[in-house]
Every structure is written in C-alpha cells, then in structure tokens.
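First comes the structure, then the notes that go with it.
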Amino acid sequence: MAVTALLLTAACGGGGGSADAGGVTLTYALWDDVQQGAYQQCADAFHKANPDITIKISQSAWDQYWQNLTTQMVSGGAPDVITMQASYYPQFVANNQLLDIQPMVSADRIDLSQYWPGLADLWVKDGKRYGLPKDWDTIAIVYNVDMAKKAGVDMSGLTWNPTDGGTFEKAIARLTVDANGKRGDEPGFDKTRVAVHGIVPELNDGSQGQNGWGDLAVSNGFTFIDKNPFGTRYYYDSPKLAETADWFRRLADKGYATPYDKTSSLGPDTMLNAGKGALGITGSWMIRTYLDSKSQKFAFAPLPTGPQGRKSAFNGLADVIYAGTEHKDAAWKWVKFLGSTACQDIVADDAVVFPAITSSVERALKAHKAAGRDVQMFVDEAKAPGGTFLLPVSDHGDEINQIVSTAMEEVWLGQKDARTALTAANQKVNALFSGG
Amino acid sequence: MTTATLTKTETAGAALPRRRRGDGRVALAFLAPVLIGFAAFYVYPAVRGAWYSLTDWNLLSEPGFVGLDNYAELVRDPLFWNSLKVTAYYVVLTVGMQIVLGLGLAALMHRLTRSLVLRSLLVVPWLVPSVTSALLWMWLLDANLGFLNHLLVSLGLDNQGFLTSPELAMPSVAAINAWGATGYTTLLLYAGMLLVPQQIYEAAALDGTGEVRQFFRITLPLLRPILAFVLVVSLIDSFQLFDAVAVTTKGGPVDATRVVYYYIYEEAFTHFKMGYASALALSLVLILGLLTFVQMRLLRASRSDLA
C-alpha cells in the first residue's frame, strides 16, 4: 500500500509543469548543449520579468532527443515548450501534439517581418501556425588553412559542375597528397596510398544532403519537391541529382576522397581535425567546433558556384508549444520571449548560431568578429538573392530519410548507378504519399 | 553405525513426504516475488504486444484495429526477410566463434591449469558493458583513425573498412560480441568438463590415448548436455543483437547489419509504427521458440551419457 502511494506521488511530481506556491514551472527542451548557456540567460531574464514563471531547461543529445520526446508525449508529460526542427515537426502535427499559436500571434500582433525572410512561413500548415523561428543556418566550405597555403590554392570564388568538377575539383585534386608527397594533380600521383585526402565529404547525409550533395545538386538545377513546405511529390529521380551523386562517387575513384566503405565512422570533423583531409562542406552550427579547434587551423569559404549559381541549404529551428501543456498562457509568454529581440540578442552575443531576427544577426556577426572569427560568408549566402533553398519539409520525413539514404549508400558503394538507385528510391518515396 | 541408520531413515522420510496442509500457501508466498515480476514485466507486456500487433498504433494516436494487416505486410516486406537473413548470418558467425574459442580455452584450462587468476581474467571482457565494448572496438576498428588499421598500414597492407564495408561489417560486429561473450562460454564449458570423471581420462591415458583423441572421444561426447545448454543460450542471446549494431553501424552499410532487433526498434521508435513493430516482435518469438525446440530435440539435451 505504502509503495503504491509513493509511486503515485512520484508520478504526480514527475509531470511536466507543476504549479507551486502560485507560480508556474515550465519545462523547455533543447538538444544543443553548446547553446544551453545562452538559453539559461534568456530563462533568467524571463523569470526576472515574470517572477511567477520559472523555466527549467531539459537538454538531451540529438540522438535521444526525438525518442525521448515521443515517449514523453505518449505518457502525457512532454516538455511545455520544445525546440523543433522543420523536418521533424510534421509528424507531431499529424498526431495533434503541437499547439496552434496563430490565435496568440494575431492577438499579440507579433511582427513576423522581423524574422529572416522565409523562416516564419516554414511553420504554417493548413492555416495553422506551430512555431516562432529561433535561428537559421547556411552551408559553406571549411578548409585547413595551412594545407591550402602550402598547396597554393585560392578558396574564394570556386566554380563547380558535375562534368569536370570545375575549379572546385581542381582545388580538391591539388589539396590531395599521397604518401610520397605527390599532389593529386601531379603526374605519378599514387591514388592507392593517399596521406591527405582533398575532401572529406559527408555522404551519409540522410535524404537531404544538407552538408554536400544536396547543395551541389540544387546548384545543378535539382529541386527536391513540388511544393515546400508540405509538397506531396519528390523528384529524387532527377538526372541533375544523379549527375551530382556520380561526381561525388568519382572523387573516391580518383583518390581525392576516401572510398565510402573505408570512411571513418567518426564523422568528417574528426577526420579534418586529425589532419587526414583538407576540406569539407559544413553548416554554420559547426562554426565553433572548427574555429575553436586546437589541433588544426580552419577557415570558411563560400560554396562553389554551380551551373545555376551558388546555392546553400537554408534551415531553421523554432520553438513550439506542446498541445498537452497545462500552462498554455505561460508557455506562449515564454515562446514570445524566445522569439523576441530580448532573448535573441542574448543568443547573438553568445555567438553559437545565427538568430532568426534580422537585427540580431548583425549583433551575432559583431560578436564573432570580436572573437576573431570570420563567418561573414554564411550571412552573405543567406542574403544573396536566390542564394539559398529551404530544405524539404513534408510528411513521412523519417521513412523518406531511410529510403533515400539507403539508395545513396548503394551509389557510394558502387552497387548501383545513381540513376537506377535514385529512380527506385523515388518511386518508394512517392508511394508513401499515394498510399495515404 | 547408529548415525548411518539415522541418516538412512531420514532420507527415507524425505523421499516419502507426508502431505502437510498449507504448503501451497507457503510456496505461493515464496514464489510471489518472481510471479509478480513475471506477470508485470513479461506476461502483461506480451499480451499487450499481441494486441498491438493487430492495430495501427503509432504511439501518439489511439490504436485502431486492423486485423492481420501487419502480418500480411510483414510477409511482403523485403527488409524483414533481409533482417532475418543477416541475423541468421550473425548468429552462425558469433555462436561459431564463441563455441570454438570457448572449447579451446576451456580444454586448455581443464588439462593444463586450475589457476583461479586465469579463470577470472577470462571473464573480464564479459564484465565490460556491451555498449562500452562496442564503442571501444568502433574506435579500434575505425577505417581511417583506428589502431588496427594503423597496424595494417604500417605492415604495408591496405586499411580495411571493418565496420563500413558491406562484406566486413557483420563479421566485425560478430567478432566484437564474441570477444565479449567467449569468457563466459568458456567458464560454462570448463565447469562442464570438471564434471567428467577423472578415472575415464586415467583409463584412456593407460591405454595410450593422446590428448587430442581424448578431447574428441571423451571430453566432447560427455560434454553434450552442457554444450547443448550453451548453444541454446548463446543462440537466443545472439538473436537479440542490438547494442553493438546501434553503436557501431546503425544497420548500415545498405542494410548489411540491419538485424531483426534493430529493425524492430527502428520501426517502433524511429518510424513510430508500434503496431507493425509488435507484429515483427511476435514473429521473432515464434521463430525463437521453434528453434529452441528443434535444438533441444536434436541434441537430446536433457539426457547425459554419464547417467
């Protein structure tokens, strides 16, 4: 009996937000431990302005984050406010787990034009709004400064095409060094014994190829989906994508990149940090990981210009409210605060990610500059007209991810040619939508 | 003399116990902790699982009854059949490695040394949590930065994608887990060997039988019940492969290590298809039950040649 009573009390105490002494405690979930400090400052500032509301931050790593969230929703005790990623939110909307905040946005006359163009609309489905933007990211080349200097490679203004790879491939070849010190573009280069690979591509990159093949494919004229967000027809069978995938695979054939079956499972940043590669393609959320590295000196360069221009993936996060929260008003207040300059300026000064509010972005740039980090190209890419594309957002994100990444693996391993593998994958993907 | 008689009568008394009332209740009280645990953590979830396998539950929505749809889908699902295939491949590899290595080590210990230190050292890898050992080996076997590849390259050989090439990934995972489990298997087999009466070996030695012949003619046949037990346990155990795959390969490259447990996990917690995952899990229960039954039959495990 006593045990049961104890369990019951524990179960009650474990619930999301509990009201104590007239005050409210909100749980706020995020995955990036690097950003936790900045958001704790936001939480403290918020608590000062609203003494009756306390924010409890709950952080868990990306790999566990989504699973934890689902389990918590099943048990009815999910965090009141949740950091959300655009490709993950449709499944929660489909199961009625997120609160429509459009009525509050209208009532409080939130100025949606203060956010970076395009970000706020990502979170609208069927006239309902589910989140306020918090930050965004773009993609750039990261390269080893000393290696580039030694090779005499100029990383600015590179070009690329899927046929001969343009000056981007020339740079990669030049940066590749074999065991005898011969470079990839010199006669006598031994592609079987490479000491430093010119590029460490992130090929195992889901269904979007955000860190590489997706960006180059779009710069080659590829479009992911008929309508974004919430299209229902994907175009993975496009020859533009297949050409791009083939180009990436040829890099390994030429010895400029590690063959896929001999790629480290520890990720490109580990490889680059170990000095085993000269350049990679990465997102702005990795700025600190690379520029604060103690083993190598890195710098960023804009992505190469493809046949259709320079195209960077553009993605954003938002704060959403759990539909099962007991404190809707308090949760909205917190989300409103997170989406305001008051909090986003704090995030900007912390200089980890670029905040969603346009004016705060300049502040983040200044903070980076003060710390000696040159990250201007990420913002330039975001500002360039037609320079970015939004990552596809649709239903069935998880299944698409698995289908396309398996097909891509078949291409990287040379088991199937890109056209065949991707056409088959595209049929499976589109069947998900026709099947309901 | 008196003592002997006494013992005899006592033994006789124990062999023919008089029925005492209330025994059942006392027994129940002693069994209760286990029974409650069994009911709460095995029977109840199993029954719920059986029910979910007939629904389209996705964790967040209300489960809706769909009859045998999940099972029909399962039969047509190439990934399910592939997962069974790679699991079987893994089981053969890892159980084979464990038994062969375990037998060898146990025989060495049995015939050469009774050192307690050695025996304890053998189980050390088994004491390492499997996630830790998987992580450790993931680093050691890494295609570019791993120590093993560093050795290969310094010997003038090519580096190998132990966990990243479709051919090597599964053997590597099997070897990692065999590394962890062999010590335990060895101990079980060693204990079994100690049960073989010493006189048989002495007699064989008098007849001039060599060590190798003794092993195959005496140790192995008399070890059968223990071998059967080890085989069944390690078979069921290795069917449940999950952690090493989740840590090192995540089912890749191209489904080469997407074993059935990992597939069930993905369907349930990545794709939230709880109903379908339950159907997968129940099919696995069926397969495992059948396998165990066949094995026990084939090996006549309950009977020993020593009796």
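What to note about this one:
- Dipole in debye (nearest 20) - the stretch B:78-299, about Cα centre, beta carbon charges: Lys, Arg +1; Asp, Glu -1: 480
- Farthest toward the positive end of the dipole of the protein assembly as shown, out of B:Leu84, A:Ala421, A:Thr325, is the Cα of B:Leu84, where the dipole comes from beta carbon charges about the Cα centre.
- Estimated translational diffusion coefficient (Stokes-Einstein, Kirkwood radius over Cα pairs, 20 °C, 1.002 mPa s) of the stretch A:61-117: 161 µm² per second.
- A dipole drawn for the stretch A:92-250 from +1 and -1 charges on Cβ atoms has a positive end, and of A:Ala179, A:Leu241, A:Thr163 the residue lying farthest that way is A:Ala179.
- Given in Å, the Rg to one decimal and the Dmax to the nearest whole number for the Cα atoms of the stretch B:68-208 are 20.5, 67.
- In Hz, Karplus ³J(HN,Hα) per residue of the stretch A:314-329 (6.51, -1.76, 1.60; θ = phi - 60°; x = Gly, Pro): 10, 9, x, 9, 9, 9, 10, 10, 5, 4, x, 5, 8, 10, 4, 5
- Binned Cα-Cα distance frequencies in the stretch B:78-299 - 10 Å width, integer %: 8, 27, 30, 22, 11, 2, 0
- Highest-first arrangement of B:26-32, A:63-69, where packing means the average Cβ count within 10 Å: A:63-69, B:26-32
- Ranked from largest to smallest solvent-accessible area, with a 1.4 Å probe on the protein heavy atoms, B:Asp207, A:Asp178 come out as B:Asp207, A:Asp178.
- Neighbouring partner chain Cβ atoms per residue of B:138-148, average, 10 Å criterion: 4
- Computed over the stretch A:35-131, Cα set: Rg, Dmax in Å: 14.9, 37
- 20 Å-binned pair-distance histogram of the protein assembly as shown (Cα, whole percent): 14, 40, 32, 11, 3, 0
- All other residues whose Cβ lies under 15 angstrom from that of B:Tyr71 are scored, Lys and Arg at +1 and Asp and Glu at -1, for a net of -3.
- Estimated dipole of the protein assembly as shown in Debye, rounded to 20 [Cβ of Lys and Arg +1, of Asp and Glu -1, Cα centre]: 2120
- All Cα pairs of the stretch A:318-414, percent lying beyond 18 Å: 66
- MRE, 222 nm, helices only [DSSP H, n ≥ 4, -39500 (n - 2.57), over the protein assembly as shown, to nearest 500]: -15500 deg cm²/dmol
- The largest accessible area among B:Arg25, B:Arg119, A:Arg233 belongs to the first residue in B:Arg25, A:Arg233, B:Arg119, and the rest follow in falling order (1.4 Å probe, all chains).
- The GNM of chain B, with springs linking C-alpha atoms under 10 angstrom apart, assigns the highest mean-square fluctuation among B:Asp237, B:Asp23, B:Asp56 to B:Asp23.
- Calculated diffusion of the stretch B:134-242, Stokes-Einstein form, Kirkwood radius summed over Cα pairs, 25 °C and 0.890 mPa s, µm²/s: 144
- Mean separation of Cα contacts under 8 Å, 6 or more apart, over the residue count of chain A: relative contact order %: 24
- Positive dipole terminus of the stretch B:78-299, leading residue within B:Ser154, B:Phe216, B:Ser172 (C-beta point charges): B:Phe216
- Take the Cα of B:Glu73, step 7 Å toward its Cβ, do the same at A:Thr289, and the gap between the two points is 3.4 nm.
- Ranking B:Glu62, A:Glu409 from most to least accessible surface, computed with a 1.4 Å probe over the protein chains only, gives B:Glu62, A:Glu409.
- Peptide B:270-281 shows a mean partner chain C-beta count of 2 within 10 Å per residue C-beta.
- Spherically averaged projected area in nm², based on the convex hull that wraps the Cα atoms of chain A: 23.7
- Relative contact order (%) - criterion: Cα under 8 Å, at least six apart; region: the stretch B:78-299: 29
- Area accessible to solvent at A:Asp215, 1.4 Å probe radius, in Å²: 0
- Cα gyration tensor shape of the stretch A:246-336, rounded if a/c is under 1.5, else prolate or oblate by comparing a/b with b/c: prolate
- For the stretch A:161-178, Karplus couplings with θ = phi - 60° (6.51, -1.76, 1.60), whole Hz, Gly/Pro x: 8, x, 7, 10, x, x, 6, 5, 5, 4, 5, 4, 4, 5, 7, 7, 10, 8
- Top of B:Gly192, B:Gly208, B:Gly161 by mean-square fluctuation, Gaussian network on chain B, Cα under 10 Å: B:Gly208
- Charge context of A:Ser58, other residues only, Cβ under 12 angstrom, K/R +1, D/E -1: -1
- Ratio of Rg to Rh for the stretch A:391-436: 1.00 [Cα atoms; Kirkwood radius as inverse mean 1/r over pairs].
- For the stretch B:39-167, averaging the sequence separation of C-alpha pairs within contact (under 8 Å, six or more residues apart) and dividing by the residue count gives a relative contact order of 9 percent.
- Solvent-accessible area of B:Phe41 with every protein chain in place, 1.4 Å probe, in Å² to the nearest 10: 150
- Inter-chain Cβ neighbour average for residues A:256-263, partner chain, 10 Å: 6
- Only protein heavy atoms count here; on that basis, with a 1.4 Å probe, B:Tyr184 has an accessible area of about 90 Å².
- Cα-based helix-to-principal-axis angle, A:358-370 vs chain A, degrees rounded to 10: 60
- 5 angstrom amide H check on A:Ala313, placed H, neighbours 5+ away: A:Ile139, A:Phe389
- Neighbourhood charge, 9 Å Cβ-Cβ cut-off, centred on A:Thr83 and excluding it, Lys, Arg +1 and Asp, Glu -1: -1
- Looking at the stretch A:291-396, the GluC sites (Glu not before Pro) that sit in a DSSP loop and have at most 16 other Cβ atoms within 10 Å of their own Cβ are A:Glu326.
- Test item: Cα-centred dipole of the stretch A:158-269, Lys/Arg +1 and Asp/Glu -1 on Cβ, debye: 120
- Heavy-atom accessible surface of the protein assembly as shown: percent carbon and sulfur, 1.4 Å: 60
The values are calculated or read from the model by the stated rules, or taken from the named source; none is laboratory data. Because the structure is predicted, anything quoted here is derived from the model rather than measured. All Cβ positions, glycine included, derive from the backbone under ideal geometry; neighbour counts span all protein chains shown. Heads up: the accessible areas ignore ligands, DNA and RNA and are worked out on the full protein's heavy atoms, side chains in. Shrake-Rupley method; radii C 1.70, N 1.55, O 1.52, S 1.80 Å.
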